[in-house]
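Remarks on the structure that follows.
Coordinate-derived values only; no laboratory data. Here the structure is a predicted model, which means the values were calculated and not measured. For neighbour counting, all protein chains shown are included, and Cβ atoms are generated from backbone atoms with ideal geometry for every residue, glycine included.
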Amino acid sequence: MTMKLLIVDDSMVIRNRIARLCQDMRLPNLEIVGLAGDGQQAVALAEQFRPDLVTMDLTMPKMDGDECISRLATRLPETRILVVSALSDKTTALKAIKKGAQGFLHKPFSDDELVEALLELMR
Amino acid sequence: MNPQPHTWLGKYRELLAAIALFLVLDLGVLIFNTYTSHLIERDTAHINTAGELRVYSQQLTKALLTLRMEMQSGDSYQTSQAQLSESYSAFSTALQHLQGLTLGSSGPGASMDPQSRELLDQLVETWEPINTGVLPVLNAATPSAWDVDDAVNRAVTRNVRLMQLADDLTRHLEAQAVSRAASLRYIQLGAIFLASLNFFFIVFKFIRRLLESDRQIEAARQETREILDTVREGLFLLDRDGHLGIQQSRSLPELFGRPVAPGLKFDELIAQLLEPEQQEAARDYIDLLFNRKVKPALLEELNPLREVTLAAGQDGRRKGPTHLSFEFTQVLEQGEVRALLVTVFDISRQMQLARDLAGAEARASSEVESLLAVLDQDPAQVRDFLKSGEDRLGMVNQALQDVQPEARAYAELINFAFRAIHSIKGEAGALGLLEVSRQAHQFEDLLTPLRRRQDLTGDDLIPIAFQVGELRQKLAQIGEVLAKVRRYQEAPVSQHPFVELKKQIEHLALKVAEDLNKKVRVEVNFPQQAPNLDERLLRHLHEMLPQLVRNAVAHGIESEAERLQAGKLPEGTVRVEFATTTEGSLSVSVRDDGRGISCARIRARLLELGHPHELVESMSERELIATLFTPGFSLQEEANEHAGRGVGLDLIRDMASRAGARIRLSTLPNAYTQFTLQFQPAS
């Protein structure tokens, strides 16, 4: 079954990197349904496409990842969220997991780490 | 040691068996008692009846004799006749009772022992003639004298014998009753003995089991105590309410630098050790640990207490460790997290080592910077400095070898060395070679106290020789860097960057074609005059061209069979064309002679993906083509390594906008697709 992925990050470089990595042969059942640069855009896209997975940055303009996770957890409880954030954000990450995210990936991350984290979430 | 449900009964099996035995024994004795009492009761009745026989026999004989006497004297004899009838009837009834005639086969006669039976038979045999003689007397209203005489004779001759037999029977029955009573006593005694044995067995077993389990519990407690006393790590259990457990390792107070009472709140414990922000993170984390839904691997990664720098005490210092690491393990019971096993490690030493290592790395990198700083200097000056420095150090070294073993010569040598090193330090500082001047400064620090001393010995020179070596090494390193730079500069310039790019494109196209089982020819054409590409532009080309070429081969070029069917050559062509405009801007096009892009197909795909029918139908060709550039859209249903994820064109659009380039797409179904990247002229 193909799973729909929404990529949320305010950095275009990170967004594109994640998108490119999703072409990895190890992730055959992943289809990218959208790329969002801030929390508001992310919530809008998520409501439109109802993704199965979301990669979520925490520090973003307009609406931060924390708030975005809260909203997604309420409106789309089936959606699984992978927090992709900097190492120093451990406290924030803990809060994000408490709010309903299911995974956490430190920035900077390697290709293998991202693929592993997504596979883990797809299980 | 753990009690397991299925062996629980086993542990008490013997005890239960003993109790069951006790009950069975009691029941047996009760039944036997009842039965024997019943027999004794019956025997007593028999004894009475047998005794009565004797009395009735006597009464009968006496009544007969009285009757004869009254008849002879002509007196009224109704009274004696009535007495006769009464005693006869009593005797007969008693005898019948003993014989069991009135009670059938289950009467006493049937259950009598052989000897009693025999005595009873004799009694009946002796009675029978009397019975025959008495009956005519009893039956006649006025008995004849002859009948009475005959009856008297029969009774008198047999009465003694009859009484004797009744006595014998009585005695025998008495003896039998006594023997039954005795056996009843023995059985009761035996039963009491067995019950006592059983009781003692139960008590013994039970006490032994209690002692055994006490011993095991004590041994387990002892082991736990020894483990907890010995481990260097802090160990304790944390319950759902955040209280510390009773069992703790002995090292715990040492690690925390404070007494840790059982039942203490974890919050209170960390309140004195951690900064407020860390405390909050710790609380959040512990909440998550009690949540079974969060995956263990993620929990491990999120642990905010893996490396904890302890807050300093009130006096700014604290005893014991400076850094702790906490590890949390879930204690599960029936799938629920019942408690957390907390392990606390003292990682002060590791942290110190890590800091030292980081310091060393920082120094190493500053050394590299120092070596690179030399490149900013005038080469001739640097060369002169290295040469003179090497000469000076060589002279010091020579002096160290030639020095006379006397204090004055040592002092002169040290002064000589000091001047040489001081010069090196000055020159190195002027050239910005900070690492050399630092090393020279360190050398001076060694020499300064020696210059003041009068009592120098040969041993004082050993560190000098070492320092000379160190400084020489620093100079040699700089020399090496310069030599490498020279070699690098003199190396022949590699081929034009376009050649690399061309190779890369060709290689990629053939690889993708091979993977997808297609035939492809690649043509890469550069303009006659290669444009002057800056590094940034070249990087963009390296990013975008492979994507476009991959798309061309994967999406554009058809399979061999499809091509033949469409009347094309089996081999597809992908052409990459570079062109420069008169303004100096660069345009690059990637064109394939494949199936082209059909708007009908885009429409169909959009409908397939669930977009509203009216919307799709109302879209212009331009809008349809534009959807190809939206994230996640792909015409291909099945994704493979090279296509179908709907990411390629979207990425190219992003890259192009970053590179400040415009994308043009022209296509003709069944003929070609061409992407053109138009770069802005270089400023």
Under unit Cβ charges (Lys, Arg +1; Asp, Glu -1), what dipole magnitude, rounded to 20 debye, does the stretch B:5-205 have relative to its Cα centre?
1020 debye
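Give me Rg/Rg_expected for the stretch B:32-101, where Rg uses Cα atoms only and Rg_expected = 2.2 N^0.38 Å with N residues.
Details: Rg = 17.2 Å, N = 70, 2.2 N^0.38 = 11.1 Å.
Ratio of Cα Rg to 2.2 N^0.38 Å: 1.56.
Provide, as a two-decimal number, the C-alpha radius of gyration of the protein assembly as shown over 2.2 N^0.38 Å, N being how many residues it has.
Compared with the compact-globule rule of thumb, the protein assembly as shown sits at 2.12.
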For chain B, what is the calculated [θ] at 222 nm in deg cm²/dmol (nearest 500), taking -39500 (n - 2.57) for each run of four or more DSSP H residues and dividing by its residue count?
-22000 deg cm²/dmol
Residues whose built amide H sits under 5 Å from the amide H of B:Arg258, excluding neighbours closer than 5 in sequence, are none
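Could you size up the charge dipole of the protein assembly as shown around its Cα centre, putting +1 on the beta carbon of Lys and Arg and -1 on that of Asp and Glu, and report it in debye to the nearest 20? Mind showing how you got there, number by number?
Numbers: 90 positive and 110 negative charges, 203 e Å.
The dipole magnitude comes to about 980 debye.
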Expected integer from the mean partner chain Cβ neighbour count at 10 Å over A:90-97 is 6
Translational diffusion coefficient, Stokes-Einstein: compute it for the stretch B:5-205 using the Kirkwood radius over C-alpha pairs as Rh, at 25 °C and 0.890 mPa s, and state it as an integer in µm² s⁻¹.
119 µm²/s
Under the rule rounded for a/c under 1.5, else prolate if a/b exceeds b/c, else oblate, using alpha carbon gyration tensor axes a ≥ b ≥ c, the stretch A:1-87 is classed as oblate
Treating cross-link reach as a plain straight distance, find the lysines whose alpha-carbon is under 22 Å from the alpha-carbon of B:Lys293, omitting any fewer than eight places away in the same chain.
A:Lys90, A:Lys95, A:Lys98, A:Lys99
Could you put B:Phe679, B:Phe443 in order, starting from the residue whose Cβ has the fewest other Cβ atoms within 10 Å?
B:Phe679, B:Phe443
Evaluate Rg over Rh across the stretch B:238-353, taking Cα atoms for both radii and Kirkwood's formula for Rh.
0.96
Enumerate the amide H contacts of B:Thr322 below 5 Å, restricted to partners 5 or more residues apart or on another chain; note that Pro and chain-start residues carry no placed amide H.
B:Ser348
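Determine the shape class of the stretch B:519-624: with a ≥ b ≥ c the square roots of the Cα gyration tensor eigenvalues, call it rounded for a/c under 1.5, and otherwise prolate if a/b is greater than b/c, oblate otherwise. If you can, show how the numbers build up before the last one.
Values: a/c = 2.69, a/b = 1.49, b/c = 1.80.
Because a/c hits 1.5 or more and a/b fails to exceed b/c, the stretch B:519-624 counts as oblate.
Using C-alpha positions alone, give me the convex hull volume of the stretch B:143-264 per residue in cubic angstrom. Show your work: numbers first, answer last.
Values: hull volume 22.4 nm³, N = 122.
Convex hull volume per residue, Cα atoms: 184 Å³.
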Any residue on another chain or 5+ positions along whose placed amide H is under 5 Å from the amide H of A:Met3 is listed here as A:Leu30, A:Glu31
Report the normalised scattering of the stretch B:259-417 as log10 I(q)/I(0) at q = 0.12 Å⁻¹, calculated by the Debye formula with identical scatterers on the alpha carbons.
-0.74
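Using the number of other C-beta atoms within 10 angstrom as an exposure proxy, rank B:Leu649, B:Leu173 with the fewest first. Before the final figure, lay out each step's value.
Details: B:Leu649 22, B:Leu173 27.
Final ranking by Cβ density, sparse to dense: B:Leu649, B:Leu173.
Within a 10 angstrom radius of each residue's Cβ in B:651-663, how many Cβ atoms of other chains show up on average? Whole number is fine. Walk me through the numbers before you get to the answer.
Values: counts 6, 0, 0, 6, 2, 0, 1, 3, 0, 0, 0, 0, 0.
Mean partner shielding for this stretch: 1.
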Evaluate peptide A:13-21: per residue, the Cβ atoms of other protein chains within 10 Å of its Cβ; return the mean as an integer.
3
Tell me, what HN-Hα J-couplings in whole Hz come from the Karplus equation 6.51 cos²θ - 1.76 cosθ + 1.60 at θ = phi - 60° for each residue of the stretch B:420-429, using x for Gly and Pro?
4, 5, 4, 4, 4, 4, x, 5, 4, x
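Rounded if a/c is under 1.5, else prolate if a/b is larger than b/c, else oblate: which is chain B, with a ≥ b ≥ c the root eigenvalues of its Cα gyration tensor? Mind dumping the intermediate values first?
Details: a/c = 6.18, a/b = 2.40, b/c = 2.57.
Here chain B falls in the oblate category.
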Below 28 Å, Cα to Cα, which lysines can B:Lys518 reach? Residues fewer than 8 away in the same chain don't count.
B:Lys502, B:Lys503, B:Lys568
Binned Cα-Cα distances of the stretch B:357-490, short to long, each 5 Å bin given as a whole percent
2, 10, 20, 21, 16, 12, 9, 6, 3, 1, 0, 0
Quick note on B:Ile40, B:Ile270, A:Ile18, ordering by fewest other C-beta atoms within 10 Å, gives B:Ile40, B:Ile270, A:Ile18
Between the stretch B:166-201 and the stretch B:545-623, what is the C-alpha centre distance in whole Å?
117 Å
Can you return the aspartates and glutamates within cross-link range of B:Lys484? Criterion is Cα-Cα under 16 Å, with same-chain partners fewer than 8 residues away left out.
B:Glu369, B:Asp376
